[in-house]
Amino acid sequence: MSMRDWGAGEGPRDKLLQRGAAALSDAELLAVVLRTGRRGCSAVDMARDLLGSHGSLGGLLTAPVSELLGCPGLGAAKLAQLQAALELAKRQALEEARAGSALTSPQHTRRFLQHHLAGQAREVFTCLFLDNQHRILRCEDLFFGTLDGAAVYPREVAVRALQYHAAAVIFAHNHPSGVAEPSHADRRITERLQAALGLLDIRVLDHVIIGRGAAYSFAERGLL
């Protein structure tokens with residue numbers, strides 16, 4: 001069933017236009033993006049199925065492409081629509097993070113990092129380089145690994161920080177397993193990075209680990 005089959009004022013698209021996007025449930029918003037369902041299943045029912053099978057909206061949006069393509073009714077066209085919506089959200093989150101301070105707007109920074117690292121099948125180590133007002137100068141993915149981890153080199157991080165005249169940095173990486181808890185290696189590399197950058201008077205403000213629908217902050221847990 002497509003959106004065209006809904007009666008006037010009945011469908012999620014009409015509800016969105018009349019009452020605003022905040023009035024819609026996750027399933028209804030997802031149905032607007034999908035536009036159509038599959039045989040014998042409306043767009044809203046299909047959206048509910050997708051959310052249920054992935055546990056949450058975050059779980060769905062961070063799922064690997066290969067996994068999503070195996071979902072009934074979710075072909076290349078619908079997947080492209082989902083990815084486009086996710087990319088728009090990611091770009092808005094980056095704009096919000098850049099507009100404010102990383103210290104006064106940690107929720108914007110974390111939301112951007114969650115969008116940025118969503119759906120990665122391998123570990124990606126990202127650095128946010130900040131000025132002395134803690135505004136974002138540059139976001140760069142520096143190291144890439146396998147499911148088992150990424151090799152992170154403090155000297156390379158230091159070179160980049162000096163290149164961008166950064167006064168502070170925020171680190172982030174994803175756990176493809178979906179579990180956001182830090183490993184012993186995560187703690188150790190954070191200590192090494194903090195020590196190396198401390199010699200250059202560059203502060204490490206946080207290290208954020210992104211899991212499936214969750215995030216772990218070293219700063220919030222008192223580990224920095």
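Miscellaneous remarks
- The chain, relative contact order in percent, only Cα pairs under 8 angstrom and at least six apart counted: 14 percent
- Amide H partners (placed H, <5 Å) of Asn174, local residues excluded: Val124, Ile210
- Remark: the chain is approximated by an ellipsoid whose semi-axes, taken from the C-alpha gyration tensor as √(5λ), come to 38, 19, 13 Å, largest first.
- Across segment 28-44, computed HN-Hα scalar couplings (Karplus, 6.51 cos²θ - 1.76 cosθ + 1.60, θ = phi - 60°) run 5, 4, 5, 5, 4, 5, 5, 6, 10, x, 10, 3, x, 9, 5, 4, 5 Hz from first to last residue, x flagging Gly and Pro.
- Helix-only CD estimate at 222 nm, as mean residue ellipticity for the chain, using -39500 (n - 2.57) per DSSP H run (n ≥ 4): -13500 deg cm²/dmol
- Per-residue 3J(HN,Hα) values for segment 64-70, derived from phi via the Karplus relation 6.51 cos²θ - 1.76 cosθ + 1.60 with θ = phi - 60°, read x, 4, 4, 5, 5, 5, x Hz in sequence order (x marks Gly and Pro).
- Near the amide H of Ala167, within less than 5 Å, lie the amide hydrogens of Leu130, Asp131, Asn132, all on another chain or at least 5 residues away, with H placed in the peptide plane.
- Built amide H within the under 5 Å cut-off of Thr36, gap 5+: none
Here, each number is a calculation from the coordinates, and none is a lab measurement. Since this is a predicted model, take the numbers as computed values, not measurements.
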